[in-house]
1. Which residue out of Tyr156, Tyr145, Tyr163 is of a type in the set (Phe, Trp, Tyr) and touching a helix residue (DSSP H, G or I) at 6+ places or on another chain (Cβ under 6 Å)?
2. Please specify each residue of the range 14-57 satisfying the condition of being surrounded by 13 or more Cβ atoms within 10 Å (Cβ to Cβ) and part of a loop (DSSP other than H, G, I, E, B).
3. Identify all residues within the range 87-102 that are surrounded by 11 or more Cβ atoms within 10 Å (Cβ to Cβ) and assigned to a strand (DSSP E or B); write none if there are none.
4. Based on this model, can you work out whether Leu61 counts as part of a strand (DSSP E or B), closer than 26 Å to Lys136 by Cα and out of contact with any Pro (no Cβ under 6 Å at 6 or more places or on another chain)?
5. Against the conditions (1) of a type outside the set (A, V, I, L, M, F, W, C); (2) in contact with an Asp or Glu (Cβ under 9 Å, 6 or more places away or on another chain); (3) in contact (Cβ under 8 Å) with a residue 40 or more places away in the chain, where does Glu5 fall short? Just the number, please.
6. Does any residue of the range 151-158 turn out to be of a type outside the set (Val, Ile, Thr), over 30 Å from Ser22 (Cα atoms), in a helix (DSSP H, G or I) and without any contact (Cβ under 8 Å) to a residue 24 or more places away in the chain?
7. Under the condition of being over 14 Å from the mean Cα position of the chain (by Cα) and in a loop (DSSP other than H, G, I, E, B), which residue from the range 64-86 is surrounded by the fewest Cβ atoms within 10 Å (Cβ to Cβ)?
8. Of all residues in the range 106-150, count the ones that are without any contact (Cβ under 8 Å) to a residue 60 or more places away in the chain and within 15 Å of the chain's Cα centre (by Cα).
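Please treat every number below as a calculation from the coordinates, not as lab data. What you see is a predicted model; the values in this text were computed from it and never measured. When we count neighbours, we look across all protein chains shown, and the Cβ atoms used for this are built from the backbone with ideal geometry, even at glycine.
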Amino acid sequence: MTFAESLVDKLPARCRLGHLNSILHILEKTSPKAKTEFGRPLLALAETFRRRGIVVLISDLYAPAEEVIQSLRHFRFKGNDMVVFHILDPQEQRFQFPQVFRMEDMETRRQVVMVPEVVREEYLRLMNRHIETFKKECGILGVDYLVLETSRPLDYALYSYLYTRHKSM
């Protein structure tokens with residue numbers, strides 16, 4: 001399922017060899033929307049589950065952490081295994097911009113001029129706190145949490161995770 005404020009696209013669960021390719025195709029055609037809300041779409045999806053399964057959330061997680069965590073609780077309560085792939089650009093983690101630049105929000109198209117020397121330290125503190133909150137809360141819920149950089153292909157990351165998970169069972 002892809003979502004913004006509501007459901008955008010849905011692909012029924014399948015147990016076929018080529019299903020991961022179908023999932024990757026839907027992800028490839030997904031584009032940013034004006035606003036993303038986790039609560040309503042994920043709660044609606046959790047309510048449609050008839051059997052337990054594995055739920056994979058792939059997101060930049062730019063939302064209040066508690067809103068996302070509350071959504072994950074619904075799936076865990078129903079006995080689902082959960083994986084959260086937190087997608088970040090390497091610069092979002094390092095903030096090593098050499099000079100003043102203009103940043104544009106992909107969802108709202110709002111632009112902000114940034115002076116790296118002025119905002120770097122506070123930005124990194126807040127970003128690291130956000131990531132640590134997800135690590136901690138996902139750990140408490142028994143949800144696998146992985147940070148993936150956009151510099152790595154998503155399909156490689158998914159296959160690697162699934163292979164590692166399969167080996168550990």
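1. Going through Tyr156, Tyr145, Tyr163 in turn, just one is of a type in the set (Phe, Trp, Tyr) and touching a helix residue (DSSP H, G or I) at 6+ places or on another chain (Cβ under 6 Å): Tyr145.
2. Scanning the range 14-57 gives Thr30, Pro32, Lys33, Thr36, Glu37, Phe38, Phe49, Gly53.
3. Within the range 87-102, Ile87, Leu88, Phe101 qualify.
4. Against the criterion (part of a strand (DSSP E or B), closer than 26 Å to Lys136 by Cα and out of contact with any Pro (no Cβ under 6 Å at 6 or more places or on another chain)), Leu61 does not qualify.
5. With (1) of a type outside the set (A, V, I, L, M, F, W, C); (2) in contact with an Asp or Glu (Cβ under 9 Å, 6 or more places away or on another chain); (3) in contact (Cβ under 8 Å) with a residue 40 or more places away in the chain applied to Glu5, the lone miss is (3).
6. no
7. Residue satisfying both the conditions and the ranking: Gly79.
8. Looking only at that region, the number is 4.
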